[in-house]
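Single-structure report; data block below.
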Amino acid sequence: MITKHILKSLISLRLLALMGFISLFSTAMFAQDAAETAAPVLNSGNTAWMLVATILVLLMSIPGIALFYGGLVRQKNVLSVIMQTMLIVGVISILWVAIGYSWAFDTSFKESGNPLSCIMGGFDKVFLHGIRLDTLTTGDIPELMFAMFQCMFALITPALILGAFAERIKFKGYMVFIILWVIIAYFPMAHWVWGGGFLQEMGAIDFAGGTVVHINAGVSALIMALMIGKREDYRVGHPITPHNITFVFLGTSFLWLGWFGFNAGSGLAADGLAANAFLVTHIATAAAAVTWMCIDWTVNKKPTTVGACTGAVAGLVAITPAAGTVDLLGAFCIGIITPIICFFMVAVVKSKFKYDDALDAFGVHGVGGIVGSILTGVFATQYITGEGGVQGALYGDWYQLWIQIFTTLVSIVFSAVVTYILYIIVDRLVGIRVDKRVEEEGLDIYEHGESAYN
């Protein structure tokens, strides 16, 4: 009897253990399913970082570009540059929330099979329709925050173009051209590269704007400089002296500072990728500033402040597409190679072909963007992208380099064609170049009725 009782007890214990195991297993499976179906939760740390990054990128336009370009022009035209920058910040911000964000980042066309999805996202998010306070994107930040971050990119891009035709463009013509250019050139390019367009699907790497921002703006700047013609007193080999080099330095400082939001913020999280982007951005910029200074010292016998500032900007431009995929080696190489090529374009090629890119928007931003985009396909490394991630030709993946070259060529051709057509249209509608007398006496007084220094 005792043995029988013990046997029954053992059987009961085993049954209880089995039932407990089944219960734990079911609970674990239920928890896993719940985790997979649970709504994303806002990450306050990432959101706080993106707020800071957005402010930093805004600093690049005002006051960064305004001071940098404003210091490089003559005293009689400094307010025209400031006003052109202010116009961009005001008008393009409105355009972005009205149609730009939806054009670039909406996915409704793609989801519905609309063939227009190759050039635009859709219209479901026009005026940010349907985006609530609790609508999250990329997992854990508010979509409103992402929309504002991208808005800052839409501001800085057309601001870069104005350096090519500074001191000789009508404010009215400039306003009409910039509005049309942002709609027809920037919004589609942002969709192609960042919003799920064909270049992104091909695997093109543009972490923070080498193609969308710098090649797009730089090539357009060159076309504008060629079509608007030289300034009346422009002479090859006799550069026009900047009126305030202190402004140039201050503008460069704001650009350098703001670029940390530009690049480190493009990972949309406060994590190791942001830290690496911060690191390579700073080191590439430092290397480029020193390299340009050394070239300047060797060729012109003196290291100049304007030269060092220009070199720093070239480094910032070139590391932009690569900041999310290269390590310290790539940063050093990009920071040294880029200013050599940009200096050659500014000092030799521009003089050879006699075009008046007033503030070297093409020579620095266009060429720097081209070099950076291509070198991304050389120095990208799985040390940063992770196992199975993209890598460049230096590490054996030549395919990625060809993708970068193709993307760069598409960007160049698209920007050039759009700008050429828009220039002709706007010039016939409202006129683009100011009269000779206005150019001689200064745009500040004639266009804006003000003088920067009284």
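The values are calculated or read from the model by the stated rules, or taken from the named source; none is laboratory data. Just so it is clear, the structure is predicted and the values come from calculations on it, not from any experiment. With ideal geometry, Cβ positions are generated from the backbone for all residues, glycine too; neighbour counts draw on all protein chains shown. The area values use the complete protein model at the heavy-atom level, side chains included, leaving out ligands, DNA and RNA. Shrake-Rupley method; radii C 1.70, N 1.55, O 1.52, S 1.80 Å.
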Requested in this report: Please report, in debye to the nearest 20, how large the charge dipole of the chain is about its Cα centre when each Lys and Arg carries +1 at its beta carbon and each Asp and Glu carries -1 there.
Outcome: 320
Report task. Return a whole-number percent for the relative contact order of the chain, with Cα pairs under 8 Å and 6 or more residues apart as the contact set. Result -> 22
Query raised in the report: For the range 73-210, what size does the Cα cloud have along each of its three principal axes, sorted from largest down, in whole Å?
Result: 52, 33, 25
Requested in this report: List every residue whose amide H lies under 5 Å from the amide H of Leu136, counting only residues 5 or more places away in sequence or on a different chain, with H placed 1.01 Å from N in the peptide plane.
Outcome: Glu143
Query - Cα principal axis extents for the range 253-373, largest first, Å - result: 45, 25, 24
Report summary line: In order over the range 317-331: 3J(HN,Hα) from phi, Karplus 6.51/-1.76/1.60, θ = phi - 60°, whole Hz, x for each Gly or Pro, gives 4, 5, 7, 4, x, 9, 4, x, 9, 10, 9, 4, 4, x, 5
Report task. List the residues whose amide H sits under 5 Å from the amide H of Arg433, counting only those 5 or more places along or on another chain, with H placed 1.01 Å from N in the peptide plane. Result -> Lys170
**Report entry** 0 to 90° range, to nearest 10: angle between helix 44-59 axis and the chain longest Cα axis
**Finding:** 10
Requested in this report: Using a 1.4 Å probe over the heavy atoms of the protein chains, calculate the carbon and sulfur portion of the accessible area of the range 65-123 as a whole percent.
Outcome: 75
Requested in this report: Could you grab the relative contact order for the range 322-443? Cα pairs under 8 Å, six or more apart, rounded to a whole percent.
Outcome: 23
Query raised in the report: Leaving out ligands, DNA and RNA, what percent of the accessible area of the range 249-355 is carbon and sulfur, probe 1.4 Å?
Result: 78
Query - Highest to lowest packing among 191-197, 157-163, 318-324, 124-130, scored as the average C-beta count within 10 Å - result: 318-324, 157-163, 191-197, 124-130
Report summary line: Whole-Hz Karplus couplings 3J(HN,Hα) for the range 123-129, θ = phi - 60° and coefficients 6.51, -1.76, 1.60, Gly and Pro as x, run 10, 5, 10, 4, 6, 6, 4
**Report entry** Å² per residue, accessible surface of the chain at 1.4 Å
**Finding:** 44
Report task. Please provide three numbers in whole Å: the alpha-carbon extents of the chain along the principal axes, with the largest listed first. Result -> 120, 48, 42
Query - Lys, Arg +1 and Asp, Glu -1 on Cβ, resulting dipole of the range 390-452 about Cα centre, debye, nearest 20 - result: 400
Query raised in the report: Where Rh is the Kirkwood radius over the Cα pairs of the range 267-319, the temperature 20 °C and the viscosity 1.002 mPa s, what D in µm²/s does Stokes-Einstein return?
Result: 183
Report summary line: So the FRET efficiency between Asn114 and Arg433, C-beta based with R0 = 35 Å and rounded to 0.05, is 0.30
Query - Amide H contacts of Ala164 (H built 1.01 Å from N, under 5 Å, at least 5 apart or other chain) - result: Leu359, Ala361
Report task. Taking 7 Å along the Cα-to-C-beta vector as the label spot, tell me the Phe406-Ile55 distance in nanometres, rounded to one decimal. Result -> 4.3
Requested in this report: Note down the relative contact order for the range 381-454 as a percent, whole number, built from C-alpha pairs under 8 angstrom at least six residues apart.
Outcome: 11
**Report entry** Scattering profile of the range 155-233 at q = 0.20, 0.25, 0.27 Å⁻¹ [log10 I(q)/I(0), Debye over alpha-carbon scatterers]
**Finding:** -0.86, -1.17, -1.29
Report summary line: Diffing the range 261-277: the Karplus 3J(HN,Hα) column from phi (6.51, -1.76, 1.60, θ = phi - 60°), in whole Hz with x for Gly and Pro, holds x, 4, 8, 5, x, 6, x, 6, 7, 8, 9, x, 5, 5, 5, 5, 4
Query raised in the report: Against the longest alpha carbon principal axis of the chain, how many degrees, from 0 to 90 and to the nearest 10, is the axis of helix 78-95 turned?
Result: 30
